[in-house]
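Trainee: Structure below; questions to follow.
The values are calculated or read from the model by the stated rules, or taken from the named source; none is laboratory data. Note that this is a predicted model, so its numbers are computed, not measured. Backbone-built Cβ (ideal geometry, glycine too); neighbour counts: all protein chains shown.
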Amino acid sequence: MNFKNVVVAGGGVLGSQIAFQSAFHGFNVTLYDINDEALEKVKERLNILKGRYLDDLDTTEEKVEQAYQSIQFSTSIPDAAKDADIVIEAIPEVVSIKTDFYKQLGESAPEKTIFATNSSTFAPSQFKDVTGRPEKFLALHFANEIWLRNTGEVMRTEDTSDEIFNEVLDFAKAIGMVPLPIQKEQPGYILNSLLVPLVTQAGYLLGNEVADYKMIDKTWMKATNDEHGPFGMNDIVGIATHLNIRKSKMDENSPEWAKNYLKFLEGMVEEGRLGKSVGKGFYNYPNPEFKSDNFFDNPKEIKDLTHGFKNITVAGGGVLGSQIAFQTASGDFNVSLYDISDDAIEAAKGRVKQIKQDYKSDMNVDDATVDKFESNISYYTDLAEATKDADLVIEVVPENTDIKKDFYKQLSEVLNEDAYIVTNSSTLRPSDFEDLTGRPEKFAALHFSNGVWLKNTGEVMVASKTTEDTFNKILAFARDIHLVVIPIHKEQPGYILNTLLIPLLHAGLKLLVKDIANVETIDKTWMIGFHAVHGPLAIVDIIGLNTMYHILNAIYQESNDEIDGKVVDLLQSKIDKGELGRGVGKGFYDYSNGAPYLEPDFLK
């Protein structure tokens, strides 16, 4: 790669960033826009970028100023492109505008010049022929705030030559991007193919009045340890951009939630709440609420609630059931851990021993503390004995309708009439079981995340007959076992977390089975673009491939979609080989020497 001269066509938000980033890394940059008025706005954006680079990067004022001063400007396509090695197109997402631009560019640029589109909406093949050089045309896609979210998604068409593809990958690296090769055309590339399902589901939760945007972000951030949630990301992308995407998907048959969410976004735009770039969107900047020390604190109305519970039965001693038992014991409750056999109980005891060590290390407490918590747990294989003094039963039995129905039938025969019940079911609706409990008004859902002492969300959700008194008692209990309490006043399969998470993981698996990119590239793109701790395929490994298989197979049975079927087949093939995820040392990654995605060089 011997590029020296870079032309950026279009000086909008992202075009200005691409130009500045290229100049910052020593390239000769010419920025083209349609008239002098447009270029004056470009210069204002570049001036703002000087401050952002100084604030966000370990650099000097001299280097930033040098980059700023080195950028040339032009309103003439032939003049701008006369010695270009590469032209990066970032003009408006309108077919006629792009077609006319590429026609003019193809007629005036030197034969050596490579054309790259940054289009987020259109496939590059839509314009390859009008360029007159389809073998030298491809996509180079950037994320907003490219100096921080330095993804360089390089996507070829079927006509792009290998030489050009590799040269643009090298160029992306040379301007400080992490080059991410995409071997097939994919609308939305990798990042937007992952991001759009997440922010769409967030919009659904808000528009359907399941939760407000802060509660949705809080749930995501606490469960994933990411630095922001989907609405914080919308602020970075820009509310007007997000609104335009939502509008493009609307028609007369759009559901009510979509109409509600669109109206919400339109109100934000009318109020000038356009996102991080203008200082206010869903949050106010430069100090958004989600970065404050008290963002995860339970509000006063939850702090003031009471419950009166002392004796808690956890039914199911699997991975999550054992964690819930230990977390409950840490709140100084008497815990009875029930499972169906002596073997199951012995396995649960082993899990609790391991949880003790993990909790001690993660929470920085001493042996005496975790020993005290463990001493609060008793073990039972007799359901009547396990529940004889119970104030609350937490059901964590397998995600199988028949198993749950049988459990609730047995429980209703032995449980004292004053006790309350919650289900931790991740995939089934609590209202499907409420009548089997014999006390539907005292029944609700309390959903935990794996690794509960760290990812300590407690999603408390009503069933159809849950009373307000029951709901408030469960909120208070969740608070007292050290959870960030997430009240959900409307029944939502998947709660908040899984409503957001499952479509993201599904999207990552679809990219993989369509051969768009490999495991590492998909995860890198998400980790860099979203500033996420894990990529979607690493999360699948953490959750476990068996669990994901059951969830996604149910989706496939309903959709009968070919790609969904390939995802299920891939998961089944890995399960058959014993590659069940991080818990057994191999899934989509090999954990023989630790988690590869946590290595310092993974994102380079």
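Trainee: Are any residues in the stretch 228-264 within 16 Å of LEU500 (Cβ to Cβ) and surrounded by fewer than 19 Cβ atoms within 10 Å (Cβ to Cβ), and if so, which ones?
Mentor: TRP257, the sole residue that qualifies.
Trainee: Just name the residue that is nearest to GLY238 (Cα to Cα) out of those in the stretch 78-97 that are out of contact with any helix residue (DSSP H, G or I) (no Cβ under 8 Å at 6 or more places or on another chain) and assigned to a helix (DSSP H, G or I).
Mentor: ILE97
Trainee: For the stretch 519-542, what are the residues that are surrounded by 24 or more Cβ atoms within 10 Å (Cβ to Cβ) and either assigned to a loop (DSSP other than H, G, I, E, B) or without any contact (Cβ under 8 Å) to a residue 12 or more places away in the chain (or both)?
Mentor: PHE530, GLY535
Trainee: Among the helices (runs of 4 or more DSSP H) lying completely within the stretch 231-316, list those that include at least 1 residues that are small (Gly, Ala, Ser), within 21 Å of ALA143 (Cβ to Cβ) and in contact (Cβ under 8 Å) with a residue 24 or more places away in the chain.
Mentor: Where helices (runs of 4 or more DSSP H) fall fully within the stretch 231-316 and carry at least 1 residues being small (Gly, Ala, Ser), within 21 Å of ALA143 (Cβ to Cβ) and in contact (Cβ under 8 Å) with a residue 24 or more places away in the chain, they are 239-248.
Trainee: Additional query: Which of the following residues is in contact with a strand residue (DSSP E or B) (Cβ under 6 Å, 6 or more places away or on another chain) and β-branched (Val, Ile, Thr): VAL460, VAL513, VAL452?
Mentor: The match here is VAL460.
Trainee: Do any residues in the stretch 415-444 that are within 18 Å of GLY321 (Cβ to Cβ) and in contact (Cβ under 8 Å) with a residue 24 or more places away in the chain have Cβ atoms under 7 Å from those of residues that are hydroxyl-bearing (Ser, Thr, Tyr) and assigned to a strand (DSSP E or B), where the two are at least six apart or on different chains, and which pairs are they?
Mentor: Here the result reads PRO430/THR423; PHE433/THR423, each pair linking the stretch 415-444 to a residue that is hydroxyl-bearing (Ser, Thr, Tyr) and assigned to a strand (DSSP E or B).
Trainee: Still on this structure, please answer the following. If I go through the stretch 165-186 residue by residue, how many of them are in a helix (DSSP H, G or I) and of a type in the set (D, E, K, R)?
Mentor: Adding up the residues that qualify gives 3.
Trainee: Restricting attention to the stretch 1-45, which residues are in a strand (DSSP E or B) and of a type outside the set (Val, Ile, Thr)?
Mentor: ASN5, ALA9, ASN28, LEU31, TYR32 - these are the residues of the stretch 1-45 that are in a strand (DSSP E or B) and of a type outside the set (Val, Ile, Thr).
Trainee: Let me ask something else about it. Tell me, which strands (runs of 3 or more DSSP E) lie completely within the stretch 349-451 with 3 or more residues that are out of contact with any Pro (no Cβ under 9 Å at 6 or more places or on another chain) and modelled with pLDDT of 95 or more?
Mentor: So the answer is 377-380, 392-395.
Trainee: Please verify whether the stretch 96-103 includes one or more residues that are closer than 21 Å to ALA23 by Cα and in contact with a Phe, Trp or Tyr (Cβ under 9 Å, 6 or more places away or on another chain).
Mentor: No: the stretch 96-103 contains no residue that is closer than 21 Å to ALA23 by Cα and in contact with a Phe, Trp or Tyr (Cβ under 9 Å, 6 or more places away or on another chain).
Trainee: For the stretch 187-221, which residues satisfy the criterion of being part of a loop (DSSP other than H, G, I, E, B) and out of contact with any strand residue (DSSP E or B) (no Cβ under 7 Å at 6 or more places or on another chain)?
Mentor: Within the stretch 187-221, PRO187, GLY188, ASN208, GLU209, ASP212 qualify.
Trainee: If the requirement is being part of a loop (DSSP other than H, G, I, E, B), in the same structural domain as PHE433 (by TED's automatic domain parsing) and surrounded by 15 or more Cβ atoms within 10 Å (Cβ to Cβ), which of these qualifies: ILE340, ILE345?
Mentor: Of ILE340, ILE345, the one residue that is part of a loop (DSSP other than H, G, I, E, B), in the same structural domain as PHE433 (by TED's automatic domain parsing) and surrounded by 15 or more Cβ atoms within 10 Å (Cβ to Cβ) is ILE340.
Trainee: May I pose another question? Residues of the stretch 121-164 being assigned to a helix (DSSP H, G or I) and buried (at least 19 other Cβ atoms within 10 Å of the Cβ), which ones?
Mentor: PRO124, PRO134, LYS136, ILE164
Trainee: Among the residues of the stretch 489-498, is there at least one that is under 17 Å from ALA211 (Cα atoms), in contact (Cβ under 8 Å) with a residue 40 or more places away in the chain, among the β-branched types (Val, Ile, Thr) and not in a loop (DSSP other than H, G, I, E, B)?
Mentor: no
Trainee: Something else about it: Taking MET548 as meeting all but one of (1) free of Cβ contacts under 8 Å to residues at least 60 places away in the same chain; (2) in contact with a Lys or Arg (Cβ under 6 Å, 6 or more places away or on another chain), write down the number of the exception.
Mentor: If we test MET548 against (1) free of Cβ contacts under 8 Å to residues at least 60 places away in the same chain; (2) in contact with a Lys or Arg (Cβ under 6 Å, 6 or more places away or on another chain), just (2) comes out false.
Trainee: Pick from the stretch 490-518 the residues that are within 21 Å of GLY529 (Cα to Cα) and among the small types (Gly, Ala, Ser): which of them is surrounded by the fewest Cβ atoms within 10 Å (Cβ to Cβ)?
Mentor: Per the stated criteria, the residue is ALA507.
Trainee: Is it fair to say ILE563 is in a helix (DSSP H, G or I) and over 19 Å from PRO493 (Cβ atoms)?
Mentor: yes
Trainee: So, in the stretch 136-180, how many residues would count as being over 25 Å from ILE245 (Cα atoms) and either within 24 Å of the chain's Cα centre (by Cα) or not aliphatic (A, V, I, L, M) (or both)?
Mentor: The total comes to 18.
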